[in-house]
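Heads up, the thing below is written out as structure tokens.
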Amino acid sequence: MKKVLLGSAMLAMSASAFAAAPGGPNCGWGNMVFQGQSGLIPHLGASLTNGTSGNATFGMTSGTNGCSTAGTLTYGGKEMVSSLMGELTEDVARGEGDALNAVATVFGVAAEDRQAFAAATHANFARIFPSAETTVDEVIDALYAVMAEDERLAKYVA
């Protein structure tokens, strides 16, 4: 049940994670067909239209279909980490857990390096969570700093 709830939370957070879409906000026929609409159904429809026809990919490579690759893609995981903050704190303290695994996944840590991620975060618990008032931004910054200093995890820090 815990994994179902965690998966649901990650899915819900991912909806807001793609504010700067690949190719830009107006990229592809799906965006043209569903122009002016909002909500889950139009977004899924636009995504499916763009994904199944490949027109967004074509648009990005040719500079057509309202697509551009000039923007910078970002996702820092803030929303997801924020929603899991309490469970993440407990998992880092234990050195294992679903929330810790989810954060490692969002940070792009490969499955074979997740044990190293868990060990590094556990060893640096006091640095990542220095007080009960630690903010999500501070946790994310500390996680990146811990990863950058770890020989095995440094490759995941951009």
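Cβ-Cβ distances below 6 Å connect the following pairs, each with a first residue in segment 27-39 that is in the same structural domain as GLY63 (by TED's automatic domain parsing), a second residue that is not in a helix (DSSP H, G or I), and a separation of six or more residues or different chains: CYS27/GLY66; CYS27/CYS67; GLY28/ASN65.
Using the structure shown, decide if LEU44 is touching a Pro at 6+ places or on another chain (Cβ under 9 Å), at pLDDT below 80 and of a type in the set (A, V, I, L, M, F, W, C). Taking the combined requirement at face value, the residue does not satisfy it. Pairs are defined by a Cβ separation below 6 Å, a sequence spacing of at least 6 or placement on different chains, a first member in segment 132-155 that is in the same structural domain as GLY108 (by TED's automatic domain parsing), and a second member that is at pLDDT below 95 and of a type in the set (Phe, Trp, Tyr); the pairs so defined are MET147/TYR156.
Would you pick out the residues in segment 65-98 that are at pLDDT 80 or above and either touching a strand residue (DSSP E or B) at 6+ places or on another chain (Cβ under 8 Å) or outside any helix (DSSP H, G or I) (or both)?
Within segment 65-98, the first condition is being at pLDDT 80 or above, and the residues that meet it are 84-98.
Listed by number, the residues that qualify are LEU84, GLY95, GLU96, GLY97.
Checking each residue in segment 100-113 for being in a helix (DSSP H, G or I) and buried (at least 17 other Cβ atoms within 10 Å of the Cβ) picks out LEU100, ASN101, ALA102, VAL103, ALA104, VAL106, ASP113.
Do you know which residues across segment 47-64 are aliphatic (A, V, I, L, M) and either under 8 Å from GLY28 (Cα atoms) or in contact (Cβ under 8 Å) with a residue 60 or more places away in the chain (or both)?
Just the residues of segment 47-64 that are aliphatic (A, V, I, L, M), to begin with: 48, 56, 60.
Listed by number, the list holds a single entry, ALA56.
The values are calculated or read from the model by the stated rules, or taken from the named source; none is laboratory data. Source: prediction; values computed, not measured. Here Cβ is always computed from backbone atoms with ideal geometry, including for glycine, and neighbour counts include all displayed protein chains.
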